[in-house]
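Student: This is the structure I have questions about; it appears just below.
FYI, it's all coordinate maths here, none of it is from the lab. As the structure is a computational prediction, the values presented were derived from the model and not from experiment. Here the Cβ positions follow ideal geometry from the backbone for every residue, glycine too, while neighbour counts run over all protein chains shown.
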């Protein structure tokens, strides 16, 4: 065999070897197993991103799983808390809650047009149409002096 033929055979062998290495690497990565996910807890344990919402949500494979918060059922009294009276919380937790005291005229709407109630085992606001109107334009509902910072 002459030198050109030997060089051509070596080149072809090299290209086949390179193609085999690339094909092996690609097939190894595409077959990598992802943990089976069928609940929020499994999604979180698999290292998927968790959205800080309430309830928290975790996305995996195009499916979003919501955290089950039913174990947090509350049967006690709900009270208004927060510096501006903007929170509705379990009475036994109210003393431990700290909020930033930033003035927001919409906070006056909670005490007047919403009630802090126990709803399906959770403390929450029962709102009226007046409340919704108030938070969109509190100055219309309260005289200016009522909205001043104390």
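Student: In nm, what is the difference between 0.36 nm times the number of residues separating residue 91 and residue 41 and their Cα-Cα distance?
Tutor: Details: separation 50, 0.36 × 50 = 18.00 nm, distance 2.93 nm.
15.1 nm is the gain from fully extending residue 91 to residue 41.
Student: Right, another one. What is region 53-144's relative contact order, in percent, from Cα pairs under 8 angstrom and six or more apart in sequence?
Tutor: Working: 125 pairs, mean separation 20.9, N = 92.
Once normalised by length, the contact order is 23 percent.
Student: Along the Cα→Cβ direction, 7 angstrom out, place labels at residue 12 and residue 117. What is the inter-label distance in nm?
Tutor: 8.4
Student: So if R0 is 25 Å, what FRET efficiency would residue 101 and residue 64 give, r being the distance between their Cβ atoms, rounded to the nearest 0.05?
Tutor: Values: r = 35 Å, r/R0 = 1.41.
Between residue 101 and residue 64 the formula returns 0.10.
Student: A follow-up question, please. Assign one of three labels to region 73-147, namely rounded, prolate or oblate, based on the Cα gyration tensor with a ≥ b ≥ c the square roots of its eigenvalues; rounded applies when a/c is under 1.5, prolate when it is not and a/b is larger than b/c, and oblate otherwise.
Tutor: On the way: a/c = 3.23, a/b = 1.55, b/c = 2.08.
Oblate.
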